[in-house]
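Taking it in order: structure first as structure tokens, then the write-up.
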Amino acid sequence: MIQDAETTAADTPWFSRTLDLSCRNEAALRRRLRDYFISTFNRYESLFDCLNTAQAFYEKPISLRHPLIFYLGHTATFFINKLLLARLVDERLDEKMESIFAVGVDEMSWDDLDDTHYDWPKVAQLMDYRAKVRAAVLAIIDEAPLTLPLDRDNPWWAIIMGIEHERIHLETTSVLIRQQELKWVSPRPDWAPCTDRGDAPANELVPVASGSVVLGKDSDSSIYGWDNEYGRHEAEVPAFDASRYLVSNGEFLEFVEAGGYRNRHHWGQEGWQWREFANRSQPEFWRKKPSGWHLRLMTKEVPMPWNWPVEVNYHEAKAFCNWKTSETGEPIRLPTEDEWYRLHQAAGIRQERPDGAWQANLHLDHWASSCPVDRFAHGDFFDVIGNVWQWTETPTYPFDGFEVHPLYDDFTMPTFDGQHNLIKGGSWISCGNEAELSSRYAFRRHFFQHAGFRYVASDAELTAASSHYETDKLMSEYAEFHYGERYFGVANFPKALVEHLLPYLDGRKRRRALDLGCACGRASFELARHFDCVTGVDFSARFINQGVQLSREGVLRYTLCDEGELVLYKSRRLADLGLDQVPSPEFMQGDACNLNPKLTGYDLVFAANLIDRLYEPARFLDDVHSRINVGGLLMIASPYTWLEEHTARAAWLGGFKKDGESHTTLDGLKAHLGKHFRLLGEPRQLPFVIRETSHKFQHSLSEVTLWERKDD
């Protein structure tokens, strides 16, 4: 799938490193960014050359993930979606592609199977689309205005974000190819594995002195970072012992042969439930054959390299540590994130981006596989970085000063759930940001990556940093707006809207309702009192996550600004609102201007305070009739606060002079909806109050209109 020579990156012996954005020479920075983009785009496409037939693109490697065709398309549509948000492009390349491939990447719960049918395009069609994306990005890099410095506030940050995002998927997709049936893949010379294998070395514990760690990337760093890397965390780490080597296949075999997968005593409740569900008796990539144990690599199986690191999920690594404790009497466990950084310090590893090969099995500098655990020494240890990722005991959490990036507000926030554990150190294919010391990646504990572990011995008490309370100002204000107190006698706005709707529902079908721009979901829950099925859709996964949390746990916790740095801690329960007995709405991420085709057949579409926040409101209005059954209703509520930061001036529905006369938003609504809808009654204004601090509130009026879908 590699493109012709005119679009390839400059020849270099090593896969291009993360860019240093401190360069103040515009031409040089454009050139480096161009090479960084092309080398990443090409390398990602070459990964799919390991698939030997078109059918391999459409067969799921595992039931919990999409087929591989999705991941080939997703990284390309990610570029366009982020460039649109950054306003570096002003139109879509292919609306259907950019809807199908937009979301749905995160692995599901281990017992949550996805049987959804998708109308995937042909591979050739998708490659044509990728070629268009390539040309669009290169046109920006070559021709668009560039203001230096290129920092987190620069629109061009979206380009680097797209590149680093694709490098993440270079790794995660290689795991899926490794999980694909062997008949669908073929070896490739540019993805050749290591051939050095033998007996496992004897592992031993090595002392690590106590010390302090200071984590967190500065906001003015010249190296790209994801949102969870910024902020500050300090800790004093007590002394501990750490295994000299990563746990090898040979060392892990002892656990397997001792019946470790059959002994529930070694497993936590969550881990044992996964083991029972998966019916697992050995690591994911091990194969038992008449000739002995083999290991599945990305494109072939080889006799077991006992001196390579074992690759397991968190549950298996934890069970091994518990077994090791019972065998040795030592307090064996996985390291914390802080302990891994202390180990990094003790090993004397410096953060660097070498011109030559890494002195570690990292960044595709050596092989397309793991290698012996005693190959790369780092001080008294081996593979402190590289070879495979290392599971830690630490569920991911925000550093002090954490802020989401507006271009990707759901990169980390959905993982602050206590169910995603951090992995450290990188693997043989970890590239770009993944190879940085500051990187912080976390996966669900049942998930497989090119990940293994090393163990530590320590009596130090494990304490998990809390990520339970929502601290983001906007998210907390919306949580209070939806579920909080009544201020100045003004009724809860989402509930008041639904109550205003009720008389119009008499005699109408109440099967399915769609709550667009649902935010954290109060209206979705209120609608669930009156409809058989309610779907809440919002552009922000962070908002969706609050609705999902309420559905699952019945409680939402957040902080509110009191004054200055003082905050109030709030908890809201569905039971206190009388909503605990209603059927739980379904929540999903989506773009109201580019909705998934399957969102149709509704008896109500509910759009509260949405229309004046859309980048193309006319597109939404011109399409919404196709989502509503004849006789169904459309409710639109809006204060008509048109702002160019949300909607380009040319796309406003009203609030301006037209032909010398005032043209209101209601006029615009009538013009776009009149063909397919009739207006029911007169518009009504409903008040709402948004609390900012204990002493500052916003009081607004939202105009509510009801529209009935006519028979065309």
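The values are calculated or read from the model by the stated rules, or taken from the named source; none is laboratory data. None of these values were measured; they are calculated from a predicted model. Note: ideal-geometry Cβ built from the backbone for every residue, glycine included; neighbour counts use all protein chains shown.
Considering only segment 645-666, I want to know if a residue exists there that is surrounded by 19 or more Cβ atoms within 10 Å (Cβ to Cβ) and within 27 Å of residue 534 (Cα to Cα). No: segment 645-666 contains no residue that is surrounded by 19 or more Cβ atoms within 10 Å (Cβ to Cβ) and within 27 Å of residue 534 (Cα to Cα).
In segment 580-629, of all residues being of a type in the set (Gly, Ala, Ser) and in a helix (DSSP H, G or I), the one that is surrounded by the fewest Cβ atoms within 10 Å (Cβ to Cβ) corresponds to 626. Tallying residues that are free of Cβ contacts under 8 Å to residues at least 40 places away in the same chain and small (Gly, Ala, Ser) within segment 25-79 yields 3. Within segment 685-694, can one find any residue that is under 19 Å from residue 617 (Cβ atoms) and either touching a strand residue (DSSP E or B) at 6+ places or on another chain (Cβ under 7 Å) or of a type in the set (Asp, Glu) (or both)? No, there is no match, as no residue in segment 685-694 is under 19 Å from residue 617 (Cβ atoms) and either touching a strand residue (DSSP E or B) at 6+ places or on another chain (Cβ under 7 Å) or of a type in the set (Asp, Glu) (or both). On the basis of being surrounded by fewer than 16 Cβ atoms within 10 Å (Cβ to Cβ) and either touching a His at 6+ places or on another chain (Cβ under 9 Å) or within 30 Å of residue 305 (Cβ to Cβ) (or both), does residue 182 make the cut? Spelling it out, residue 182 is indeed surrounded by fewer than 16 Cβ atoms within 10 Å (Cβ to Cβ) and either touching a His at 6+ places or on another chain (Cβ under 9 Å) or within 30 Å of residue 305 (Cβ to Cβ) (or both).
Which one of 18, 75, 40 is buried (at least 22 other Cβ atoms within 10 Å of the Cβ) and either over 22 Å from residue 130 (Cα atoms) or assigned by TED's automatic domain parsing to the domain that holds residue 223 (or both)? Result of the check over 18, 75, 40: 18.
Just to check your reading of the model, which residue among 634, 621 is in the same structural domain as residue 545 (by TED's automatic domain parsing), in contact with a Lys or Arg (Cβ under 8 Å, 6 or more places away or on another chain), modelled with pLDDT of 95 or more and not small (Gly, Ala, Ser)? Sole residue among the options that is in the same structural domain as residue 545 (by TED's automatic domain parsing), in contact with a Lys or Arg (Cβ under 8 Å, 6 or more places away or on another chain), modelled with pLDDT of 95 or more and not small (Gly, Ala, Ser): 634.
Restricting to segment 594-617, name every residue that is among the hydrophobic types (A, V, I, L, M, F, W, C) and within 11 Å of residue 517 (Cβ to Cβ). Hits for segment 594-617 are 605, 606, 607, 608, 610, 611, 614.
Residues in segment 526-542 that are out of contact with any helix residue (DSSP H, G or I) (no Cβ under 7 Å at 6 or more places or on another chain), outside any strand (DSSP E or B) and under 21 Å from residue 500 (Cα atoms): 528, 529, 531, 532.
If the condition is being out of contact with any Leu (no Cβ under 8 Å at 6 or more places or on another chain) and surrounded by 15 or more Cβ atoms within 10 Å (Cβ to Cβ), then segment 492-508 contributes 492, 494, 495.
Note on segment 256-351: enclosed helices (runs of 4 or more DSSP H) holding 1 or more residues that are more than 28 Å from residue 378 (Cα to Cα) and more than 33 Å from the chain's Cα centre (by Cα) are 314-328.
Looking only at residues of segment 197-249 that are β-branched (Val, Ile, Thr) and in contact with a Gly (Cβ under 8 Å, 6 or more places away or on another chain), we find that the one that is surrounded by the fewest Cβ atoms within 10 Å (Cβ to Cβ) is 237. If the condition is being among the polar types (S, T, N, Q) and at pLDDT 95 or above, then segment 196-227 contributes 203, 210, 212.
Scanning segment 411-427 for residues that are modelled with pLDDT under 95 and on the phi < 0 side of the Ramachandran plot gives 411, 412, 413, 414, 415, 416, 417, 419, 420.
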